[in-house]
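J.: Before anything else, here's the structure in question.
Please treat every number below as a calculation from the coordinates, not as lab data. In this text, all values refer to a predicted model and were calculated from it rather than measured experimentally. Note that we place each Cβ from the backbone using ideal geometry, even for glycine, and neighbour counts take in every protein chain shown.
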């Protein structure tokens with residue numbers, strides 16, 4: 001056994017001090033490089049797969065887009081309108097007037113005026129918007145609805 005003054009440190013003495021113990025969690029540079037390389041390969045494969053999927057989707061979209069536009073052209077433009085599309089009766093009724101204006105038959109005078117103004121602005125002759133509802137019928141609708149306050 002060596003004496004403390006000899007300067008020789010034994011293994012049992014090294015275990016006594018924490019600063020001399022080697023750290024087991026230290027990774028070597030080769031381990032770090034292997035993990036980084038694996039990550040780079042995975043990212044590269046993901047980018048390549050996304051590119052091939054995008055190319056495939058682009059080739060599918062061309063004929064599909066043409067079919068969608070052809071089908072959309074077959075629909076009448078008034079099919080998606082929120083306004084009354086029915087035929088007119090000989091004499092306008094309160095029900096028909098409220099359907100034309102898009103309001104309840106028991107609406108107040110203010111609501112009737114607001115609905116009439118909105119439809120007249122949308123169907124103004126100077127605008128390019130075409131409507132199935134004729135202006136004279138729209139003009140007559142407020143008089144037929146209930147004029148309550």
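J.: Which order do 55, 113 fall in if you start with the one that has the fewest other Cβ atoms within 10 Å?
T.: 55, 113
J.: Grab the beta carbon distance between residue 92 and residue 113, set R0 = 25 Å, and tell me the FRET efficiency rounded to 0.05.
T.: 0.90
J.: At what distance in nm do the modelled label points of residue 64 and residue 45 sit from each other, each positioned 7 Å from its Cα along Cα→Cβ?
T.: Rounded to a tenth, the inter-label distance reads 2.7 nm.
J.: Now for a different question. Starting from the 7 Å offset along Cα-to-Cβ, what nm value, one decimal, do you get for the label separation of residue 72 and residue 36?
T.: 5.0 nm
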